[in-house]
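Here is the structure we will look at, set down as structure tokens.
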Amino acid sequence: MRALATRELVVATRNAAVPIAALAVLSGLSAFVLTWAPGVPTLATMNLYEQTRAVHWVLLSAVLPWTAVRCSPVDRREAIVLMASLIRTRPGVAVVAKVLGSAGVLMLIVATGLPPLVLAQQAAAVPMVRVLTDLLPLCGLALLVAASAAAAMLIAADGVRAWIWTSVVVLGVLLSAAGWTSELSLVGWLCAAAGMAGTAMLSAVMDGSVLCGQR
């Protein structure tokens, strides 16, 4: 699994989509902090840090699906089965490694929002530890996007359809989670649960399809 996850990381980091997405998040979030300090007047109930954190979520929800599809190697079911056989593992394990590698790349993009978040934290006099803990739930969003993109690329005929399907799935999960709670941290953990469930289902489907094909 480690070899396949490393492969995903290496392939992704060589793709121009990663720095483009990172720059988009960094510049968009920085522009918000510098333009709207001390915060948008219509959202007076939220301080500058809370508003910046919400904008960070919005930017990532838009950017991460495109990045996951654009930077990941397009592996069809047959290619994943072949890779799994070469390293003597199950296709389901190969899919899990692919998802984890992609999620690791997406977390790098998540981390690019840290400088503007720290700037907003300083302006709003919020404890620094809160900034770090608020980044953890975004791992759930990254996992959800990675799992959705992996499934979409196995099903869709091209990258554009995979991107659209991934965006729709992620948006649907976010809206459903927001219907349960308005706390972004809880939304992130719900995304993580959905991402883990999706990865497990995808792994089981890959293993099941191979077993059916061998009969």
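For this structure, a couple of remarks:
- The Cα-based radius of gyration and maximum Cα-Cα distance (Dmax) for the stretch 123-215 are 16.5, 64 Å.
- Convex hull volume of the stretch 161-205 per residue (C-alpha atoms, cubic angstrom): 67 Å³
- Extension reserve of the Ala204-Val168 stretch, reckoned as 0.36 nm per residue once the Cα distance is removed: 10.7 nm
Only the coordinates and a few stated rules stand behind these numbers; no lab work does. The structure presented is a predicted model; accordingly, all values stated were derived computationally and were not measured.
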